[in-house]
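Following: one structure in structure tokens, then a few remarks.
The values are calculated or read from the model by the stated rules, or taken from the named source; none is laboratory data. The shown structure was predicted, so the numbers you read here are calculated from the model rather than taken from an experiment. Every residue, glycine among them, receives a Cβ derived from its backbone with ideal geometry; neighbour counts consider all protein chains shown. Ligands, DNA and RNA are stripped out before the accessible areas are found, and what is left, the full protein with its side chains, is counted by its heavy atoms. Shrake-Rupley method; radii C 1.70, N 1.55, O 1.52, S 1.80 Å.
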Amino acid sequence: MTEILTLTMNPALDLATSTASVTDTHKLRCSAPLRFPGGGGINVARVLQRMGADCVALYPVGGLQGQQLRQLLDGEQVRSRCVEIAGETRESFSVLETSSGREFRFVLPGPTLAPLEWQACLDHFADLDVPPRTLVASGSLPPGVPIDFYARLVRLARAAGTRVVLDTSGPALAEALKEGVYLVKPSLRELRELTGQPLNDEAQWRAAAQQLVASGQAEVVALSLGEQGALLVTAEKTWHAPALAQQVLSATGAGDSFVGAMVWALSRQAGLADAFRYGVAAGSAALLSAGTGLCSKADVERLYAEVGLNQA
């Protein structure tokens, strides 16, 4: 039995480069690009593999860029289950402006999936002889996929006895939460969009997350707050972890690193507070890598000791 299955409906071949200054109308001479396998669940699987978890990444893939994505994942020894599609796997890229340290991220929409293609991803899960203990559904939905796709997936997972960790946004997030998940990891912006509230301070952040738990939409809410750290909310307790002071090479994949390390810790029977510390450490460790380099296990273990938790 696979312990953890990740699903990425909109994977990407991520390119990262740098230039001195980003200005319009001029040719911008860039450094040699770095290439990474990307997309929410794929990044989570990469982190899980590095941490030593039993994990398989499921994703639709097509075209030459899709082939390169698979090769890059194979190079990282991430086990894959692929659904072949007619369209070309998307490409995304980020540019680091070296004069300022700012990072510009360009995210393309992805190929349009036919009904048989996205249905095949649901069927793959439904047809597993032994379902995974945990399913991580992460990332955006590409064109052609209905907004209730994750909601359908959650229903299948619940019937199979699999707990769901969800990290997405917009209407797809709202629809899925109607079904109830184990853990959801919104950013503050995503929580504002979901609730329609301004959420200007910690009391409001906590109240909004507690409402998601009280209404049965999630058992656990892990709210990422950027420079203000992160908040973990359950029915019984709330913890706030201040952000660690880190040099930032790239923020790409920090949230995915957070999810990956937290799911890894939970799979090892860690308590929620301890798993939360690992998540914060991994999100911080990811900032040390260029592009979608994500976190290293050594950095996660080192920074774990520096994460402080304040119980609210």
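Apply the membrane-span-like helix rule to the chain: whole DSSP H runs, Cα extent along the own long axis of at least 15 Å, mean Kyte-Doolittle hydropathy at least 0.5. List the helices found.
Going by DSSP H runs, the hits are 149-160, 254-267, 272-286.
Taking only DSSP H segments of four or more residues, each worth -39500 (n - 2.57), what value at 222 nm results for the chain once the sum is divided by all its residues, to the nearest 500 deg cm²/dmol?
Helix contribution divided over all residues of the chain: -11500 deg cm²/dmol.
Do any GluC sites (Glu not before Pro) in region 194-267 lie in a DSSP loop with no more than 16 other beta carbon atoms within 10 Å, and if so, which?
Glu236
Just read off the accessible area of Ile147 with the full protein assembly in place, 1.4 Å probe, to the nearest 10 Å².
Ile147 exposes around 90 Å² with every protein chain in place.
How about Lys237: which lysines have a C-alpha closer than 30 Å to its C-alpha, ignoring those fewer than 8 places off in the same chain?
Result set, ordered by chain and number: Lys178, Lys185, Lys297.
On a 1.4 Å probe surface of the protein chains, which of Lys185, Lys178, Lys237 comes out largest in accessible area, and what is the full order?
Lys178, Lys237, Lys185
For Met51, what accessible surface area do you get with a 1.4 Å probe? Give it in Å², rounded to 10.
Here the residue's solvent-accessible area equals roughly 10 Å².
Working with all protein chains in place, sort Tyr59, Tyr278 by solvent-accessible area computed with a 1.4 Å probe, largest first. Please list the in-between numbers first.
Values: Tyr59 0, Tyr278 25 Å².
From most accessible down to least: Tyr278, Tyr59.
Within the set of other residues whose C-beta is less than 14 Å from the C-beta of Leu108, count the net charge using Lys and Arg as +1 and Asp and Glu as -1.
On the way: positive: Arg90, Arg105; negative: Asp14, Glu88, Glu91.
Taking every Cβ under 14 Å from that of Leu108, the sum is -1.
Roughly how many Å² of Thr23 are accessible to a 1.4 Å probe, to the nearest 10?
Counting only protein heavy atoms, the figure is 60 Å².
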